[in-house]
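Chemist: Here's a structure for you.
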Amino acid sequence: MVLMRSPGPRLGVYAQAFAEWKIPCSSQENEDFFSAMEIAVAYAFLQVLDNPRQDIPLITVLRSPVFGFTPDRLALIRGQHTTGDFYDALASSEDEDCVRFCAELSALRTRAKDMSVHRLLWHLYNTFNLLGVFGAMANGAQRRENLIALYEHAKSFEA
């Protein structure tokens, strides 16, 4: 599966190359899909599981409604450990929320090694109640549908 946040003019080239090799290709030409908060959080979560040392995806996940770290809280964590990347600061914190997040992340990274992307997405949805959290927000039904569409895209790419 190839996920591209904003392929822009490259989308046609990729679609044509996939078609030549008879590889199914599906694209969401509306950039609003990947910029929707719920999709951005799910995508960032996948990035963090792959490599937690990416500051922007890590902070995206932490700031999300799923974990609810405030900007002030993130600044405090960073202020306690000013060297290295943000993951170093998070992992060195002895605060309960940081320890819990790091433990959950470690367990997920271990399990993710044996999962396909679509199964991993569904596992994230269930473990952190992503469908419920985003479904309870404004435009919740659409947010749930977006998350399910992301799962379906991942599933169809892996087929």
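The values are calculated or read from the model by the stated rules, or taken from the named source; none is laboratory data. What you see is a predicted model, and the numbers here were worked out from it, not measured in a lab. When we count neighbours, we look across all protein chains shown, and the Cβ atoms used for this are built from the backbone with ideal geometry, even at glycine. Please note that ligands, DNA and RNA were not included when accessible areas were found on the heavy atoms of the full protein model with its side chains. Shrake-Rupley method; radii C 1.70, N 1.55, O 1.52, S 1.80 Å.
Chemist: Please state which one of Leu124, Leu120 is more than 19 Å from Phe33 (Cβ to Cβ), in contact (Cβ under 8 Å) with a residue 12 or more places away in the chain and in a helix (DSSP H, G or I).
Modeler: It is Leu120.
Chemist: Any idea which residue in region 80-105 is nearest to Glu158 (Cα to Cα), counting only those that are open to solvent by 70 Å² or more (accessible area, probe 1.4 Å) and in a helix (DSSP H, G or I)?
Modeler: Residue satisfying both the conditions and the ranking: Arg100.
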